[in-house]
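Input: a single structure, listed below in structure tokens.
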Amino acid sequence: MGIVEAVVIAIVEGLTEFLPVSSTGHMIITSSLLGIHKDEFTKLFEVSIQFGAILAVVVLYWRKFIEFHRWQFYVKLIVGVIPALALGFLFSDKIDALLESPTTVAVSLLVGGIALMFIDRIFKKPSIESDDQVSYSNAFIIGLWQTIAMVPGVSRSAATIVGGMQQKFTRHLAAEFSFFLAVPTMFAATAYSLFVKKWEAAGVVRKGYEIIMSTRENTIAFIVGNIVAFVVAMLAIRFFINYLKVYGFKVFGIYRIIAGIILLILLAMGVIEG
């Protein structure tokens, strides 16, 4: 992976991580079009640059994360992340196999897009407006919704926002709680990919951080990728919150349906390998 490919994928990650369109799905499509999707470092890179994206949440909402006297906020996030951690630990190999499938992404984009077309009509009477009103059971149920996003193309953001609205959150709170829940979820995924999971690259089995540090090119790609993902994610979060307050989810549903159809056409034409 060269620096140009790293920047392109990082921009895609930053733009899509917190929008309900699936960042993983878009990175799989992007790396497939770039011809590097089967490279082991690419797979590691796509997970590890999530660190830059979650740092954007911490910076934008820094007051939330330093109010240590509101310890219930942290407990709710821990409760919410438990389902994803449990399923990720039990089914990591199967999840890795799915991460190589653009066909799975295409179908998930279509199905999720259809769902987003109607979400504003389905959940019309929210009653929970601030995170102080969020209960531990609310957090856990949203965490269960988040596990659906282990299927590439579903979108972690979409799953948790729909889960929040199903729990009677306002659109604004559902989106913000989705951002907050992303921090421990993606931090755990990034830490696992860097320090626990064993990757095979060039016939050698190593941990993620060893692969990143093995060459100057990998190290630069990792650093630049996280910086780019951080900056772009900051802009994307601000746009999404402001847009959501006024317009809702319909446009994202339309986008997902169009993207899913285009991807299926590219797969049928052999431009992208399924």
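The values are calculated or read from the model by the stated rules, or taken from the named source; none is laboratory data. In this text the structure is predicted, and so the values were computed from the model without any measurement. Neighbour counts run over all protein chains shown; Cβ positions are idealised from the backbone, glycine included.
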Margin query: Tell me yes or no: at least one residue of segment 76-95 is farther than 29 Å from residue 132 by Cβ, among the β-branched types (Val, Ile, Thr), at pLDDT below 90 and touching a Ser or Thr at 6+ places or on another chain (Cβ under 7 Å).
Written below: no
Check: What is the residue count in segment 169-179 for residues that are touching a helix residue (DSSP H, G or I) at 6+ places or on another chain (Cβ under 6 Å) and within 17 Å of residue 55 (Cα to Cα)?
Finding: 4
Checklist line | Scope segment 168-219; condition surrounded by fewer than 17 Cβ atoms within 10 Å (Cβ to Cβ), of a type outside the set (Lys, Arg) and either within 29 Å of residue 131 (Cβ to Cβ) or under 14 Å from the mean Cα position of the chain (by Cα) (or both); matching residues | finding: 172, 187, 188, 191, 192
Notebook entry, point to check: In segment 241-259, which residues are surrounded by 15 or more Cβ atoms within 10 Å (Cβ to Cβ) and under 21 Å from residue 105 (Cβ atoms)?
Noted result: 249, 252, 253, 255, 256, 257, 259
Check: Is one or more of the residues making up segment 177-185 out of contact with any Cys (no Cβ under 6 Å at 6 or more places or on another chain) and farther than 23 Å from residue 10 by Cα?
Finding: yes
Notebook entry, point to check: Quick check: anything in segment 18-30 touching an Asp or Glu at 6+ places or on another chain (Cβ under 9 Å), β-branched (Val, Ile, Thr) and surrounded by 23 or more Cβ atoms within 10 Å (Cβ to Cβ)?
Noted result: yes
Next item on the list: Report yes if residue 119 is over 25 Å from residue 191 (Cβ atoms), touching a helix residue (DSSP H, G or I) at 6+ places or on another chain (Cβ under 7 Å), touching a residue at least 40 places away in the same chain (Cβ under 8 Å) and not acidic (Asp, Glu), otherwise no.
Entry: yes
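Would you list the helices (runs of 4 or more DSSP H) that sit entirely within segment 160-274 and hold 3 or more residues that are in contact with a Phe, Trp or Tyr (Cβ under 8 Å, 6 or more places away or on another chain) and aliphatic (A, V, I, L, M)?
On the way: elements: 171-195, 208-214, 216-247, 250-269.
By residue number, 171-195, 216-247.
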Item checked: Near pairs, Cβ below 9 angstrom, 6+ apart or cross-chain, from segment 260-273 (closer than 14 Å to residue 107 by Cβ) to any residue that is hydrophobic (A, V, I, L, M, F, W, C) and loosely packed, with under 14 Cβ neighbours inside 10 Å -> 265/271
Check: Do you know which of the residues in segment 150-163 that are hydrophobic (A, V, I, L, M, F, W, C) and in contact (Cβ under 8 Å) with a residue 24 or more places away in the chain is surrounded by the most Cβ atoms within 10 Å (Cβ to Cβ)?
Finding: 161
